[in-house]
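Read through the structure below, which is laid out as C-alpha cells, and then see the notes.
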Amino acid sequence: MKIEASFVRSAAGAADLPRDGLAEIALVGRSNVGKSSLINALVRQRLARTSAAPGKTRLANIYRVARGGRESLYLVDLPGYGYARGDRGELESVAAAYFGGGSRSREGSRSANDVARGSGRGARGGREGARGVSRAALLIVDARHPGLENDLAAWSWLTDNVATRAIVATKIDKLSREERLRAMRTIEAVFEDPATAVSAETGEGLDELWKLIDRLTNKTSG
Ligand code: GDP
C-alpha cells in the first residue's frame, strides 16, 4: 500500500496542534523506548527525529500520514518520560497539555494546574469531542521490560483520561520466540489489556499495528 508521510511541525504548545479534524494517534512512552523508530517504520521512511530541536521544550512532533485511499491521520510523537521510578508528573504535564484532563476524574473536573497550563480551556480541551478531534493514545513499552513502574503510571493516567488507547510492545526482535510469549503474557497481565508486539527493526507486527490504528481511529471518529 502506498504511504505518503510528511513532518508537519514541532508543536511548542497546545495552540500548535492540528485543527483540521483529522484523527490523531499519539505515541506515549519512555525516552529511548523506540517511538521515533516506530514512526519511521510505520511510514517506511526516515521522518522522525529530523525535526528534533535539542534544548527546546516541545509538546509534540506531528506527522501527517496518508495510506492508500484512507483518510489522512496524524501520528503524534510526545516527549518521552524518564527513568524515574513511578514518577507520574513527567508524563502528566505533557499528556495533560496534549489530551486535556490531568485529574483522576474521568468526567473532566480539571485541576488548577491544568487550567494554569491552559489545557483546560474548552476549545483546546483535547478530549474526544471537545473540538471535534479524535485523539487516541498508544502506550509504547519495551517488550524486554514488562510492567515498569513509570509505564504502569502512564497507563493508569491514560486509562483515566483518554477513551481510546492501546498498548504496543516494541523491540520484540530482541527476544527469542519463547521469551516473546512470556513477555507478552506478562505485559497483558500487568496492564490488564491486550498488547500488540512489534519491531521497528524487522518490521514484524507493523501490519497488525496499522490495523489497530485503523480500529482506534474508526472508534474515535464515529
Ligand atoms: P525514542 O526516544 O522513543 O524516539 O527512541 P528511538 O526510536 O530513538 O530508539 C532508541 C534506540 O532503540 C535506538 O538506538 C533504536 O535504534 C533502538 N530501537 C528502536 N526500536 C527498535 C526495535 O524495534 N528493535 C531494536 N532492536 N532496536 C530498536
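The values are calculated or read from the model by the stated rules, or taken from the named source; none is laboratory data. Here the structure is a predicted model, which is why all the values come from computation and not from measurement. Cβ: placed from backbone, ideal geometry, glycine included. Neighbour counts: every protein chain shown.
Of note, residue 103 satisfies the criterion of being more than 26 Å from residue 36 (Cα to Cα), surrounded by 17 or more Cβ atoms within 10 Å (Cβ to Cβ) and at pLDDT below 95.
Yes/no matrix, rows are residues, columns are (1) hydrophobic (A, V, I, L, M, F, W, C); (2) modelled with pLDDT under 90:
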| site | (1), (2) |
| --- | --- |
| 18 | no, no |
| 26 | yes, no |
| 34 | no, no |
| 43 | yes, no |
| 49 | no, yes |
| 55 | no, yes |
| 82 | no, yes |
| 86 | no, yes |
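Looking across the range 31-50 at every residue that is buried (at least 22 other Cβ atoms within 10 Å of the Cβ) and outside any loop (DSSP other than H, G, I, E, B), the one that is farthest from the ligand (Cβ to nearest atom) is identified as 42. Check whether at least one residue in the range 178-192 is assigned to a loop (DSSP other than H, G, I, E, B) and under 20 Å from residue 25 (Cα atoms), and report yes or no. Taking every residue of the range 178-192 in turn, none turns out to be assigned to a loop (DSSP other than H, G, I, E, B) and under 20 Å from residue 25 (Cα atoms).
In the range 165-179, what residues are more than 11 Å from the ligand (Cβ to nearest atom) and closer than 28 Å to residue 218 by Cβ? Walk me through how you get there before you give the answer.
Within the range 165-179, the subset more than 11 Å from the ligand (Cβ to nearest atom) is 165-167, 176-179.
Hits for the range 165-179 are 165, 166, 167.
Might you check whether a residue that is part of a helix (DSSP H, G or I) and at pLDDT below 95 occurs anywhere in the range 167-174? Within the range 167-174, not a single residue is part of a helix (DSSP H, G or I) and at pLDDT below 95. Taking every residue in the range 165-191 that is closer than 22 Å to residue 95 by Cα and pairing it with any residue that is assigned to a helix (DSSP H, G or I) and among the polar types (S, T, N, Q), at least 6 positions away or on another chain, the pairs with Cβ-Cβ distances below 8 Å are 165/159; 170/37.
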